[in-house]
Amino acid sequence: GGILLPKLGEGSTVALHAGLTLPTADDDEDALVNILATTARPQDLFLAIPQGTSLRLGASPMFRSGNVFGRVDVGIDINININNGGGGDESDPLVHVNAGIGIDLGGAAVMGELSNVYLTDGDADFSDRLINVFALSARFTAGKAMPYLSLLIPLDDNATSTIDLAFTAGLEARL
């Protein structure tokens, strides 16, 4: 994949991204971990397709004004090869629109993000094609370490079919 980051002006930029996902799970059982991970990141739903290869295209305008920052992420995923044991199933494209806004407090940042996925399958009702989640997150800076916390709240029946709430924590470090 690749990312292009042209500056739009003072305090704003856009990330244009394109990539190709490659199969990482041999079958439906191996894909279970990937499917569960999409609960926290529904826009990564196509990463869970066993033996699937998908094209991912998107644009993410970002802005910063003082200590307030934000980002919108719009993208489409198109599965170009599903080979479930030779079944050759087809998958309709997936569209995702995410938006987040936060405040940088110096040694910490707090952000709220809304993540929305639309499955373009024309056979299902409109509401059955949406997955919507909200997340509150905090990131801290401690030298080269950056711990973070996030609380994910599913907003519709499609999202709550897997979980009622999710809490994630992690640590990133600069080498």
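Bear in mind these aren't lab numbers, they're just calculated from the coordinates by the rules spelled out. Predicted model, so just to flag it, every value in this text is computed and none were measured.
Per residue of region 134-143, what does 6.51 cos²θ - 1.76 cosθ + 1.60 with θ = phi - 60° give for ³J(HN,Hα)? Whole Hz please, x for Gly and Pro, Karplus curve as stated.
Taking θ as phi minus 60°, the curve returns 10, 9, 10, 9, 9, 10, 10, 10, 9, x Hz for region 134-143.
List the residues whose amide H sits under 5 Å from the amide H of Asp156, counting only those 5 or more places along or on another chain, with H placed 1.01 Å from N in the peptide plane.
Residues meeting the amide H criterion: Asn132.
With θ taken as phi - 60° and the coefficients 6.51, -1.76 and 1.60, list the Karplus ³J(HN,Hα) couplings across region 96-102 in order, rounded to whole Hz; mark glycine and proline as x.
In residue order, the calculated couplings are 10, 9, 10, 9, x, 9, x Hz.
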